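For reference, the structure discussed in these notes is given below.
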Amino acid sequence: MKKTVIKAKVLYDGLKSYTNRFIIVEDEKIVEVTKNAMKADFEGFVTPAFIDPHSHIGMDRDGEPWQESEVNDIVNQINPLDDPLNSIYFDDRAFKDAVDFGVLYSCVVPGSGNLIGGRAKIIRNYARNVKEAFMKDYGFKMALGYNPRSTQEWKGERSNTRMGIYALLEKKLDAVLIKREKKELDLKKKTREFNKKLKEKKISKKELEEELKIADKEFELEFLPEEKALLLLLRGKMTAKIHVHKEDDVYYLIKLAKKYNLKVTAEHTGDVFHKEVFDELGKNNIPVVFGPLGSLGYKVELKHAYYQNAKLLMNSKAFFGLMTDHPVIHTYSLRDSLKFFLIQGMNKEDAISLITYKNAKILGIDDVLGTIEKGKLASLVVWNNDPLDLSAFPVMVMGEGKILRKK
C-alpha cells in the first residue's frame, strides 16, 4: 500500500481553511486529515484539484487549424446521440497545461451551434487516452439564444429566429412525450388484460411475469435511439447543460424546465446584469455555471457581459460555480478568473470553493471530489505560495493518488 504524507501550511479544503494540517494518502484515497505532526513528503499550501464544469478541451485543439475543430456537428439541429469523447484528441497540448495548474477534471461538451449538441461527459484531464479519461456520463448540452439561430448555412431543419428555434425544440420534445404517453397507455391496457387472465386462472403467475417482460421489451423497442436519449432528459435522469446569455432567454429556460420537468443548469449567463434574474434561477433550483470571465464580448448577445456582474451573482439566491469554456479562455485560467469575485469582496475560502466543491456539487461528483477529507479521492495540489497569489505555482499535483507533477 503506497503512502504519501503532505503537510499543509494552509489547507483550503474546498469549504474552509486551516493551518498546519497533515494529509495522509494511501493508494488513490485520502485516509486522514489531522493536526498531528509527522514527517511529510511534500509541504506547502494545499487545495483540492480544480474542476472545469464546461469545456471543449481536446475538441478545439491548441496549435491546430480551426478547420480541424470538432466542437460542432453541423448535420442536424438536435443531436442527442453525439458523444464528445469520440471527438477528443488526448494529445491536445492544452491538457498538459491544465494539469500544470491543477485543473484535473473537465466536463466536456459539444459546442452551442445546435439546440441539442450532444452528450456531456466528465473526464480526467491527466489521462493518456479516452479509456482512462472517462469518469461520468453527466447529461446533454443544449443551447438557447443567438448561437442556434445563427447557423443557417448548416444542415437540418433550422430557424433564424428565437421563436422559431424554441418552437422547433418544443415540437421535438412534445412528439417524444406524446409517443411515450400513447405507448404507456397501451402497456397499461395489456397489463390489465394479463391481470384479468390471471384472475380468471387462464394463465399462471409465472406466465403473467413472462408476458409483462415481453410487453416491457416491446415498449422499449418502439423508441428510436434518439428518442430514448431524449426520454432520459424528459424523465429527469440526466441533466441538460443549457447555454444561455441574455436575460429573456434565462426566463425562457426557467419556463422550459418547468413545462417539461427538466433537470437543468444555466451555463454562461454572461449578459445577465440584474440580480433578480439570478434570484429567479435560485428560486427555481437551477444552478449557474458562470463564465467565461476575461474573454472578448464578441457578439451583441454579450454587450452587458460586465465583469462587475459577478457581484450580482454573489449577492443572489443562485448556487453557482465557474467555468472556462476552453478555448474561449484557457483551462489553466480557471484559477485566474477568481479575481473577479475577490475584487468584489468574496473571501479566499469561498473563491477556492467555486472551482472545487461547488463545481463538484453541480456536476454530482462531490461524493468523491471537490473537498479534502477522509474517504475522498486524493486529487489535490500543493502550491509554493497562497494559490490566490499571482505568482503561485504547484510544487506537486496529485491525481487520485498518483503524482502527476513534481517541482
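Every number in this text was worked out from the coordinates using simple rules, so none of it is lab data. Computed from a prediction, not measured in an experiment: that's the story for all the values here. Here Cβ is always computed from backbone atoms with ideal geometry, including for glycine, and neighbour counts include all displayed protein chains.
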Taking Lys and Arg as +1 and Asp and Glu as -1, residues besides E43 with C-beta under 10 Å from its C-beta add up to +1
Taking alpha-carbon centroids only, the range 24-72 lies from the range 292-317 a number of Å equal to 26
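Order of D100, D367 from fewest to most other C-beta atoms within 10 Å?
Listed from fewest to most nearby Cβ atoms, that is D367, D100.
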Computed over the chain, the relative contact order (Cα-Cα under 8 Å, seq sep at least six) in percent reads 21
Length gained, K303-L212, 0.36 nm per residue minus C-alpha separation, equals 27.1 nm
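Using the 10 angstrom Cβ neighbour count as an exposure proxy, how do V244, V176, V277 rank, fewest first? Kindly include the intermediate steps, with their values, before the conclusion.
Values: V244 30, V176 20, V277 23.
Going from least to most buried by this count: V176, V277, V244.
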Loop-resident chymotrypsin sites (Phe, Trp or Tyr not before Pro) in the range 194-270 with no more than 16 other Cβ atoms inside 10 Å, DSSP not H/G/I/E/B, are F223
Residue ranges of DSSP H helices in the chain that stretch 27 Å or more (Cα, own long axis) and have mean Kyte-Doolittle hydropathy of at least -1.0 are 162-199
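Sort E68, E32 by Cβ crowding within 10 Å, fewest neighbours at the top. Write out the running numbers ahead of the final one.
Details: E68 9, E32 14.
So the ranking, lowest neighbour count to highest, is E68, E32.
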Quick numbers on the chain, Rg and Dmax over C-alpha atoms in Å, give 23.7, 80
Expected vector for the range 327-339, Karplus 3J(HN,Hα) from phi with 6.51, -1.76, 1.60 and θ = phi - 60°, integer Hz, x for Gly and Pro, equals x, 4, 10, 5, 3, 5, 8, 4, 4, 4, 5, 5, 4
Once the in-chain neighbours fewer than 8 apart are removed, the lysines whose Cα is under 18 Å from K197 read K188, K189, K205, K206, K213
Quick numbers on the range 90-221, Rg and Dmax over C-alpha atoms in Å, give 23.5, 71
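Add +1 for every Lys or Arg and -1 for every Asp or Glu among the other residues with Cβ under 11 Å from the Cβ of N284, and state the total.
On the way: positive: K255, K258, K283, K317; negative: D279, E280.
It works out to a net charge of +2.
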Spelling it out for L293: with amide H atoms placed in the peptide plane at 1.01 Å from N, the residues 5 or more places away or on another chain with amide H under 5 Å from its amide H are none
Along the range 353-360, Karplus-curve 3J(HN,Hα) (6.51, -1.76, 1.60; θ = phi - 60°) to the nearest Hz, with x for Gly and Pro, reads 4, 4, 9, 10, 4, 5, 5, 5
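Starting from the alpha-carbon convex hull of the range 177-222, give the projected area averaged over all orientations, in nm².
Details: hull surface 11.5 nm².
For the range 177-222, the mean projected area of the Cα convex hull comes to 2.9 nm².
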Sequence order, the range 21-29: Karplus ³J(HN,Hα) from phi using 6.51 cos²θ - 1.76 cosθ + 1.60, θ = phi - 60°, Hz rounded, Gly and Pro as x, gives 10, 10, 10, 9, 10, 10, 6, 9, 10
The long-range amide H neighbours of S17, using H built 1.01 Å from N in the peptide plane and a cut-off of under 5 Å, are none
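In deg cm²/dmol and to the nearest 500, what is the mean residue ellipticity at 222 nm of the chain if only DSSP H runs of at least 4 residues count, each as -39500 (n - 2.57), divided by the residue total? Each step should come with its number before you reach the end.
Values: 12 runs with 128 residues, N = 407.
Rounded to the nearest 500, the figure is -9500 deg cm²/dmol.
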